[in-house]
Amino acid sequence: MRLRTLFFSLCFLFLSTSAWAQNPAAAEASMEYYLPQDVTYDSSIPTPEEVLGMVPGEWHVRHDQLVKYMRAVADASDRISLQNFGETYEDRPLIYLTVTSPSNHGNIEQIRQNHIALTNPSESQNLNTEEMPIVMYWGYSIHGDESSGSNASMLVAYYLAAAQGAEIEQKLENSVILLDPSLNPDGLNRFASWANTHKSENLVTDPNSMELNQRWPSGRTNHYWFDLNRDWMLVQHPESQGRIETFQKWKPNILTDHHEMGTNSTFFFQPGIQSRTHPITPERNQNLTKAIADYHAEKLDENQRLYYSEESFDDFNYGKGSTYPDVNGGIGILFEQASSRGHAQESIHGVLKFPFTIKNQFLTSLSTLEASQNLRTEILNYQRNFFEESLNEGGDADIEGYVFGNSSDQARTYHLAEMLRRHNIEMYELADDLDAGGESFKANSSYIVPSDQKQYRFVKALFERRTTFTDSLFYDVSTWTMPYAFNMPFAELENSYDENLLGAKVEGLPSFPQGEMVGGKSEYAYVFEWDEYYAPRALNRLLKNGVRAKVASKPFTGVTQNGTREFDYGTIMVPLGPQKVDRAEIHDLIGTAVKEDGLTVYSVGTGLTPDGIDLGSGSLEDLEKPNVAIMSGEGTSSYEVGEVWHLLDQRYHMTPTVFPLDRVDNADLDRYNVIVMVNGSYNDFGKQDVEKLKRWVQNGGTLITTKYANNWAERNGLANISYKNGEDSDEEEKEETNPKAYADMDKARGAQYIGGSIFNTKLDLTHPLGYGYNDEDLPVFRNSTLFLEKADNPYATPLYYTEDPLASGYISDDNLETLKGSAAIVVSDIGSGQVISMVDNPNFRAFWYGTNKLFMNAIFFGQTIDGGSGN
Ligand SMILES: [Zn+2]
């Protein structure tokens with residue numbers, strides 16, 4: 001093996017000198033350029049060129065190559081083992097390396113348990129942190145098109161495996177490094193493919209070149225175009241689920257998060273803007289971040305690099321990789337390197353070459369290692385104190401715990417419980433029915449989260465409402481109050497609740513709720529309510545298989561085989577009589593809905609009801625299977641297209657067409673009965689396209705538009721909506737304080753931006769868009785400043801903002817005033833079709849389980865909205 005390796009290195013050295021001489025960027029892609037030359041390297045450790053036939057920086061590494069290299073290093077080195085922690089949506093392996101001294105490897109599980117003991121106040125006092133290694137998680141390129149990190153990770157792994165001498169051995173003895181070479185394999189691969197496909201033999205540095213301008217969708221995001229660097233707290237995707245499991249298993253002290261930013265910038269490392277740190281994060285965390293920063297500065301100074309800190313980027317959103325550790329007793333560090341995007345690009349600092357960017361990620365990995373050595377016990381002690389303090393704060397908190405649960409939607413309850421458990425939050429089943437905070441909680445479908453636990457700070461971060469802030473600039477969300485996002489009944493428990501309320505402790509993840517078949521096999525009809533989160537999946541399965549299903553537009557009392565029961569608006573009825581499908585198949589499909597979708601289905605033996613409509617009534621309307629097209633491509637938000645695609649595909653097992661909007665002209669739109677247009681400009685639609693879409697709606701289609709797609713629809717006569725403009729309080733102010741200080745401009749403008757906050761709305765529970773909801777108060781998420789007037793037709797605004805709309809998060813006073821009483825959804829009649837204008841995005845980041853149903857109602861029941869009720 002060694003001989004062969006040597007042979008390859010020699011060959012490569014020989015071959016490559018002539019190639020590198022041709023262009024300067026490639027000339028820099030050499031191991032000598034990257035690696036410190038003051039140590040020797042173990043020749044039994046393969047270099048990237050030996051395994052892949054290229055030096056990092058010559059090409060953008062594909063994910064399979066990256067994994068191949070990491071396996072080779074792990075195989076060759078007794079300092080490294082490789083762990084697999086899952087698969088991406090595209091079935092790419094998710095891996096990390098555990099890097100430490102060979103003797104630590106022999107004892108790794110004991111080291112891990114000791115480290116976790118440091119986070120348990122009941123055990124942590126007896127531990128001597130002087131003797132404990134520091135644990136780090138080094139993560140690269142969570143944004144796939146910020147790939148210098150992943151490309152550098154090969155050099156980092158090589159260095160850690162191959163560098164010789166007492167110094168590195170000492171460092172490895174004192175550290176456990178979990179090295180995650182690619183936090184977003186699918187995105188990395190998409191981008192590598194783009195950059196390599198368009199690379200020229202003679203590097204082209206013109207910023208206009210195809211290589212440097214990815215097309216829609218970019219490589220930033222994962223398979224469904226989600227930003228994984230917002231998913232650390234939400235954990236809705238397999239990449240994060242595996243990673244958070246590893247994180248919680250190890251509770252690292254330092255987590256690094258290597259990114260890229262604009263080509264004309266330099267290099268950034270945290271701390272960021274101090275006033276934008278989440279208030280739950282202790283001040284000591286930011287001080288230690290500063291202490292670590294000195295080492296990055298020193299390393300970059302030595303290499304004559306320009307850099308900055310403290311001026312941009314925040315540490316507020318625990319959904320980000322560099323902030324998530326801050327609420328877990330660790331320290332997250334964000335790095336941002338100016339991006340060459342492809343292999344080289346002109347910038348104000350000259351031609352920025354890919355190898356240069358890779359080297360900076362490598363250098364700051366080394367400076368992280370330096371810092372971790374000198375600050376090791378300080379940082380370990382900080383972690384011990386963090387959890388002691390967290391436990392003490394929880395024990396002293398006025399709110400002694402939280403209870404949550406929704407007995408009519410067990411799947412949604414399950415998903416919130418699942419999220420909490422992924423963060424290792426202590427949680428119990430509710431042992432007895434409980435009335436609290438104006439809500440009733442059922443024993444078999446609710447959970448209690450006590451404040452008296454070491455994860456208290458995280459619990460508080462997930463449940464709290466926050467409406468005052470030290471800084472008014474939020475370029476991302478300013479709140480995420482989880483019970484609101486899940487539209488979940490919850491209560492804050494005060495005044496020492498009864499310990500007997502704590503039922504079984506939830507270990508591991510909760511199990512998915514089982515549905516129930518009430519009354520056994522039916523000979524007449526099956527009935528289920530629309531409340532359960534996965535009801536649309538069951539309905540879609542029935543319709544897809546050609547089963548007739550009807551929706552009740554009025555309530556009724558059904559005679560089930562277990563007595564009478566009230567059924568609400570939106571109840572689904574599957575008759576066994578007028579069907580083209582075999583009865584046995586219908587029984588099976590209903591059985592699947594009970595087993596896999598968590599539905600309670602009632603067997604009904606007669607069409608006659610004691611109250612309300614009978615089962616043959618015209619108020620039970622036949623449903624068509626939705627055939628959905630999601631308009632996509634340049635001019636639409638890939639995030640929001642991806643959210644709809646993910647929702648329908650992953651959660652509801654539907655088969656929407658992600659429809660490139662330049663195909664409208666050629667396509668037969670009659671294949672679809674629902675078209676979704678998410679946030680976007682839609683500037684590429686020509687006159688003909690507009691006419692075609694209009695005809696499609698007039699012929700009975702349901703068009704759903706969200707956010708700025710509403711403007712497009714309104715401009716083109718496809719929606720009867722009008723905008724609400726703010727009181728121009730600015731006018732008065734202008735006269736008073738004109739001119740203003742130039743330095744205040746960004747701040748004043750930024751304060752009007754809504755990065756993402758939660759608001760109170762009122763929902764009409766009798767409207768098809770309100771089916772499956774039981775409470776007219778519905779929290780919604782908003783991250784735009786688009787304000788709509790209520791419709792003239794009093795039946796056309798099924799959802800609107802209350803007069804006291806702020807539930808949690810930041811909004812300026814002017815915007816809050818405008819928002820009051822404005823419309824959240826307006827329905828317009830266009831011919832025999834309808835346009836459903838949603839001001840907000842109900843599917844935000846896959847964790848707004850509470851408003852997903854609004855969207856699914858538009859998809860399934862838009863077709864049933866009465867013509868006269870639209871604006
Ligand atoms: Zn980034």
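Of note:
- Calculated FRET value between Glu803 and Ile399, using beta carbons and R₀ = 22 Å, to 0.05: 0.20
- Degrees, to the nearest 10: 238-250 long Cα axis against longest axis of the chain: 60
- The residue list Phe354, Gly321, Phe335 was ranked by how far each Cα lies along the charge dipole of region 252-401 toward its positive end, using unit charges on Cβ atoms, and Phe354 comes out on top.
- Counted residue by residue at 0.36 nm each, then reduced by the alpha carbon distance between them, the extension gain from Asn126 to Arg695 reaches 197.3 nm.
- Cα centre as origin, Lys/Arg/Asp/Glu Cβ charges: region 724-871 dipole, Debye: 840
- Where a label projected 7 Å from the Cα of Glu789 along Cα→Cβ would reach, residues of region 816-855 with amide N under 13 Å: 822-823
- Which of Thr377, Asn495, Ala525, positive extreme of dipole for the chain (C-beta unit charges): Ala525
- Computed FRET value (nearest 0.05) for Glu624 with Asp38, which takes r as the C-beta separation and R₀ as 56 Å: 0.20
- Projected label points at Tyr308 and Ala431, each 7 Å from Cα along the beta carbon direction, are separated by 5.8 nanometres.
- Taking Cα atoms only, the orientation of helix 687-698 departs from the longest principal axis of the chain by about 40 degrees.
- Inter-label distance for Gln164 and Glu523, nm, one decimal - labels placed 7 Å from Cα along Cα-to-Cβ: 8.8
- Region 77-211 - Rg over Rh from alpha carbon coordinates, Kirkwood radius: 1.10
- Accessible area per residue in Å² at 1.4 Å probe, computed on the chain: 38
- The gain in end-to-end length when the Asp649 to Glu817 segment is fully stretched comes to 56.6 nm, 0.36 nm per residue minus the alpha carbon separation.
- For the chain, adding -39500 (n - 2.57) for each run of n ≥ 4 DSSP H residues and dividing by the number of residues yields -10000 deg cm²/dmol at 222 nm.
- Solvent accessible area, Å² - Tyr382, 1.4 Å probe, full protein context: 10
- When each of Lys521/Lys550; Lys251/Lys290; Lys707/Lys853; Lys454/Lys853; Lys521/Lys580; Lys299/Lys747 is checked by Cα-Cα distance, pairs over 26 Å: Lys454/Lys853; Lys299/Lys747
- Split the accessible area of region 339-491 by element, probe 1.4 Å, and carbon with sulfur accounts for 38%.
- Evaluated over the Cα positions of region 199-305, the convex hull gives a direction-averaged projected area, one quarter of its surface, of 10.4 nm².
- Debye intensity ratio I(q)/I(0), log10, the chain, q values 0.09, 0.10, 0.11 Å⁻¹ (C-alpha model): -0.99, -1.18, -1.36
- Along the chain, longest interval not containing exposed trypsin sites (Lys or Arg not before Pro), exposed being DSSP loop plus at most 10 other Cβ atoms within 10 Å: 216-579
- Cα-based equivalent ellipsoid, region 646-795: semi-axes from gyration tensor eigenvalues, Å: 35, 22, 17
- Cβ charges +1 (Lys, Arg) and -1 (Asp, Glu), total dipole of the chain, debye: 2520
- Measuring r between the beta carbons of Ser440 and Thr557 and using R0 = 35 Å, the FRET efficiency lands at 0.95.
- Nearest-20 debye value, region 77-226 charge dipole, Cβ charges on Lys, Arg, Asp, Glu: 300
- For Ser451, nonlocal amide neighbours, meaning residues 5 or more places apart or on other chains whose placed amide H falls under 5 Å from its own, are Gly401, Tyr402.
- Selection from Leu288, Asn84, Leu420 lying farthest towards where the dipole of the chain points positive, charges on Cβ: Asn84
- Rounded percent of accessible protein surface that carbon and sulfur make up, region 154-284, 1.4 Å probe: 45
The values are calculated or read from the model by the stated rules, or taken from the named source; none is laboratory data. Bear in mind the structure is a predicted one, so any value in this text is a computation, not a measurement. Counting neighbours? That spans all protein chains shown, and the Cβs are built from the backbone with ideal geometry, glycine included. When the accessible area is computed, the model is the full protein with side chains, heavy atoms only, and any ligands, DNA or RNA have been set aside. Shrake-Rupley method; radii C 1.70, N 1.55, O 1.52, S 1.80 Å.
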